[in-house]
Amino acid sequence: MKKLEHAVEYVILASRWLLVVFYLGLTAALGLYAISFMRKLWEYFSHVMDLEETEAILKILSLIDASLVASLVVMVIISGYENFVSKFDNAEGGELSFLGKIDASSLKIKVASTIVAISSIHLLQIFLNADKYTESKIMWLTIVHMAFVLSALLLAYIDRVMTATKNDKKEE
């Protein structure tokens, strides 16, 4: 019976390596998104002299939005691999010393914060083009954005409570 238990535990622990497929897929998607970013950047460069100020701001916001999405994907890939699959072998000191410092809890807060930032940029783009949207659509987009903000705040609060609880238990 003990051998069966060890075999099941081995299979369960080994299953974490299936996550590598997802992280490699996200890496490929990030590469494709980089191509999309370069297209947006080229479009901005090629029309920069013809753009009104608002249009230029919208193009720059679009580039910022893309960089936040890309950063979010990188955060998920690196911290997910570190937390659930394996530690990076060369992460001790040097260039990769930041790896492993994002645990699952802080990753959730970083993801939520990034989503709020992306939503904020999207909402700002909509406000700058308000004449193209109905009041109802703007209202609903603002409500959705506020739901993201509230979710991020609740996640941060829960994390703070959990951290305080852990610290209290350590002191006992």
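Some values worked out for this structure:
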{"item": "Qualifying position, being within 29 Å of Ser113 (Cβ to Cβ) and at pLDDT 90 or above, among Ser79, Ser36, Ser15", "result": "Ser36"}
{"item": "First in the range 33-53 and more than 12 Å from Leu63 (Cα to Cα) and free of Cβ contacts under 8 Å to residues at least 60 places away in the same chain, second anywhere and surrounded by 12 or more Cβ atoms within 10 Å (Cβ to Cβ) and among the small types (Gly, Ala, Ser), Cβ under 8 Å, 6 or more apart", "result": "Val48/Ala56"}
{"item": "Test result for Ser36, of a type in the set (S, T, N, Q), assigned to a helix (DSSP H, G or I) and over 26 Å from the mean Cα position of the chain (by Cα)", "result": "no"}
{"item": "Close pairs (8 angstrom Cβ cut-off, 6 or more residues apart or separate chains): closer than 15 Å to Glu55 by Cβ in the range 121-135, small (Gly, Ala, Ser) and assigned to a helix (DSSP H, G or I) anywhere", "result": "Gln125/Ser62"}
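The values are calculated or read from the model by the stated rules, or taken from the named source; none is laboratory data. Values in this document were obtained by computation on a predicted structure and should not be read as measured data. Neighbour counts run over all protein chains shown; Cβ positions are idealised from the backbone, glycine included.
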